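The values are calculated or read from the model by the stated rules, or taken from the named source; none is laboratory data. Being a predicted model, the structure only gives us computed values, none of them experimental. Cβ coordinates were reconstructed from backbone atoms using ideal geometry, including for glycine residues, and neighbour counts include every protein chain displayed.
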Amino acid sequence: MKNEIVLVTGASRGIGASTALLLGSRGYFVCVNYHENAELAQNVVDKIVADGGRAVPLRADIRKEKYIVSLFKRIDKDYGIVTALVNNAGDNGGLLDCEEISVDILKSVFALNVFGVFTCIKEAVKRMKKIRRGSIVNISSESAIFGGNRLTHYAASKAAINAATKGFARELAPFNIRVNAVSPGIIDTDAHKDISQKRRQMLKHSLPMGRMGKPEEVAKTIAWLLSDDASYVSGSIISVSGAR
């Protein structure tokens with residue numbers, strides 16, 4: 001995979017970091033995008049390199065179109081054309097009752113979860129069309145289907161990603177560009193590190209498999225969708241939720 005360049009947004013921790021590490025071990029040149037924590041991003045890069053892979057940390061705020069455009073231009077100039085994209089960066093906006101969801105909160109959540117994803121796809125597709133190949137994986141959420149619990153603002157943003165995945169998959173199929181989504185359930189990441197032991201036990205008992213998912217389990221699904229093993233898979237939204 002000497003010429004396969006993957007951009008993973010929000011790759012300094014959680015599912016993004018696990019995905020970057022796995023793809024690095026499989027021969028991709030990994031662009032590890034981060035927004036604020038350079039140290040965490042560098043740790044991911046260092047692990048990839050120590051394992052014999054190739055990676056670079058790249059800072060960009062995925063909420064802002066101008067920074068996304070600059071990010072892709074930098075990758076073009078220094079490394080080559082992005083052939084794979086994982087839209088992982090996201091924000092749940094916090095637990096909110098209906099009457100607490102302001103327009104400003106909606107703008108903030110959608111800026112990253114929807115507008116940022118659309119812009120990353122747009123920039124990637126400009127390049128992928130030139131080489132007539134590419135694979136894009138969007139990170140959705142099971143909340144897009146069941147609405148979440150006091151997370152309707154977040155769930156709505158992920159529902160938009162599900163629709164975009166199917167629409168772009170049909171549009172881009174003639175160019176040999178595949179677009180899919182992975183829809184995680186409850187995954188044991190930093191998002192759950194501060195919850196109480198009581199809440200953790202309640203979550204555990206609500207899950208048919210009796211445990212949260214691991215970031216590595218989501219990463220393996222992402223890696224499969226990017227690979228040639230999934231060459232006829234496009235427009236799919238794959239649940240990684242332990243039967244929840």
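Can you name every residue in region 1-13 that is surrounded by 24 or more Cβ atoms within 10 Å (Cβ to Cβ) and among the polar types (S, T, N, Q)? If the condition is that a residue be surrounded by 24 or more Cβ atoms within 10 Å (Cβ to Cβ) and among the polar types (S, T, N, Q), then 9, 12 are the ones that fit.
Of everything in region 50-77 that is touching a residue at least 12 places away in the same chain (Cβ under 8 Å) and assigned to a helix (DSSP H, G or I), the residue that is farthest from residue 129 (Cα to Cα) is 65.
Candidates 188, 229: the one that is among the acidic types (Asp, Glu) and surrounded by fewer than 16 Cβ atoms within 10 Å (Cβ to Cβ) is 229.
Could you tell me which of the residues 16, 27 is out of contact with any Phe, Trp or Tyr (no Cβ under 8 Å at 6 or more places or on another chain), buried (at least 23 other Cβ atoms within 10 Å of the Cβ) and not hydroxyl-bearing (Ser, Thr, Tyr)?
Numbers: 27 fails: buried (at least 23 other Cβ atoms within 10 Å of the Cβ).
Result of the check over 16, 27: 16.
Scanning for something within 14 Å of the chain's Cα centre (by Cα), β-branched (Val, Ile, Thr), surrounded by 15 or more Cβ atoms within 10 Å (Cβ to Cβ) and outside any helix (DSSP H, G or I), does region 159-167 turn up at least one residue? Within region 159-167, none of the residues are within 14 Å of the chain's Cα centre (by Cα), β-branched (Val, Ile, Thr), surrounded by 15 or more Cβ atoms within 10 Å (Cβ to Cβ) and outside any helix (DSSP H, G or I). The single residue among 93, 80 that is touching a residue at least 12 places away in the same chain (Cβ under 8 Å), touching a strand residue (DSSP E or B) at 6+ places or on another chain (Cβ under 6 Å) and either exposed (fewer than 12 other Cβ atoms within 10 Å of the Cβ) or at positive phi (or both) turns out to be 80.
How many of the residues making up region 53-77 are surrounded by 19 or more Cβ atoms within 10 Å (Cβ to Cβ), within 19 Å of residue 125 (Cβ to Cβ) and of a type in the set (Gly, Ala, Ser)? So the answer is 1. When restricted to residues that are at pLDDT 95 or above, of a type in the set (A, V, I, L, M) and more than 22 Å from residue 11 (Cβ to Cβ), region 178-233 contains 1. For region 185-215, taking the residues that are of a type in the set (Gly, Ala, Ser) and touching a residue at least 24 places away in the same chain (Cβ under 8 Å), the one that is farthest from residue 28 (Cα to Cα) is identified as 206.
In region 143-157, the count of residues that are farther than 18 Å from residue 222 by Cα, charged (D, E, K, R) and at pLDDT below 95 is one or more.
When region 63-96 is filtered for residues that are over 19 Å from the mean Cα position of the chain (by Cα) and hydroxyl-bearing (Ser, Thr, Tyr), the ones remaining, listed by number, are 70, 79.
Kindly indicate the residue of region 98-157 that is among the β-branched types (Val, Ile, Thr) and under 22 Å from residue 80 (Cα atoms) and also surrounded by the fewest Cβ atoms within 10 Å (Cβ to Cβ) among those meeting that condition. Filtering first and then ranking leaves 131. Only one entry in 182, 218 is outside any helix (DSSP H, G or I), under 16 Å from the mean Cα position of the chain (by Cα), touching a residue at least 40 places away in the same chain (Cβ under 8 Å) and surrounded by 13 or more Cβ atoms within 10 Å (Cβ to Cβ), namely 182.
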